[in-house]
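The values are calculated or read from the model by the stated rules, or taken from the named source; none is laboratory data. All figures in this text were calculated on a predicted structure; none of them were measured in a lab. When we count neighbours, we look across all protein chains shown, and the Cβ atoms used for this are built from the backbone with ideal geometry, even at glycine. Side chains are part of the model used for accessible areas, which takes the heavy atoms of the whole protein and leaves out ligands, DNA and RNA. Shrake-Rupley method; radii C 1.70, N 1.55, O 1.52, S 1.80 Å.
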Amino acid sequence: MKVQNLSSGSREIPSLYVLKGVSAILVVLLHTSVGDYTHFVNLLPVGVGITSVFYAITGYFLYTADEVKLRSNLWRTMKKTIPIILITQTVYTLFSLPLPEFTMENKIFYFKWIILGDGGALWYLTALLQGLFVFWVLVRLLGAKYIPLLLLGIVVRFVCEDY
C-alpha cells in the first residue's frame with residue numbers, strides 16, 4: 001500500500017476507498033432481508049462495526065483543519081450524496097416490488113421510502129446525508145473548535161447504545 005506524503009496536504013490512501021466500498025456493500029447485504037432474516041441476527045455486531053468503518057473513512061477524507069475548506073468539503077459531499085440516494089433507492093424500490101399502488105394516500109410512503117430511506121436497506125446513505133448536514137450546520141454556527149465535543153457525544157452514544 002502506497003501512502004502519499006500527508007504533510008503535503010494530500011490524504012489519499014487508495015486502499016481506504018476500496019475498504020469504504022466493501023463496507024458499503026456489506027452494510028447493504030447485512031440489512032437486506034434475504035430469505036429468513038433470523039440467520040442474520042447474529043451478524044448485527046458485524047453490521048454495526050462495518051457501518052462505523054464506512055462513516056469513519058468518510059469522515060477521514062472530509063476533515064481538514066481549514067474551517068472554510070471543511071465546510072466546502074461537507075457541502076460538496078452532500079451534493080454528491082443526493083443523486084446517489086435517489087438512484088439507489090429508486091433501483092432498490094424497483095427490486096422490492098410489489099409495493100403499495102402509487103396513490104395520493106401512499107405518496108408519503110414513497111417519499112419516506114425513496115428520499116428518507118425508510119424501511120430500505122440503503123438507510124445508511126440517508127443517515128450519512130443527515131449527519132453531513134448536521135455537521136455542516138454545527139461547523140458553520142459554532143466553528144471547528146467544537147468537533148472534539150461532537151465526537152465525544154458520538155462515542156458516548158455508541159458505548160451506551162444497546163446493540
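With respect to (1) surrounded by 13 or more Cβ atoms within 10 Å (Cβ to Cβ); (2) at pLDDT below 80; (3) not in a helix (DSSP H, G or I), the lone exception for PHE40 is condition (3). Taking the numbered list (1) modelled with pLDDT under 75; (2) surrounded by 13 or more Cβ atoms within 10 Å (Cβ to Cβ); (3) closer than 21 Å to LEU29 by Cα; (4) of a type outside the set (S, T, N, Q) in turn, LEU128 passes all entries but (1). Taken over region 57-86, the residue count meeting the criterion of being open to solvent by 20 Å² or more (accessible area, probe 1.4 Å) and more than 15 Å from the chain's Cα centre (by Cα) is 9. In region 47-61, the qualifying residues are those that are free of Cβ contacts under 8 Å to residues at least 60 places away in the same chain and touching a helix residue (DSSP H, G or I) at 6+ places or on another chain (Cβ under 6 Å), and the one that is nearest to TRP136 (Cα to Cα) is ILE57.
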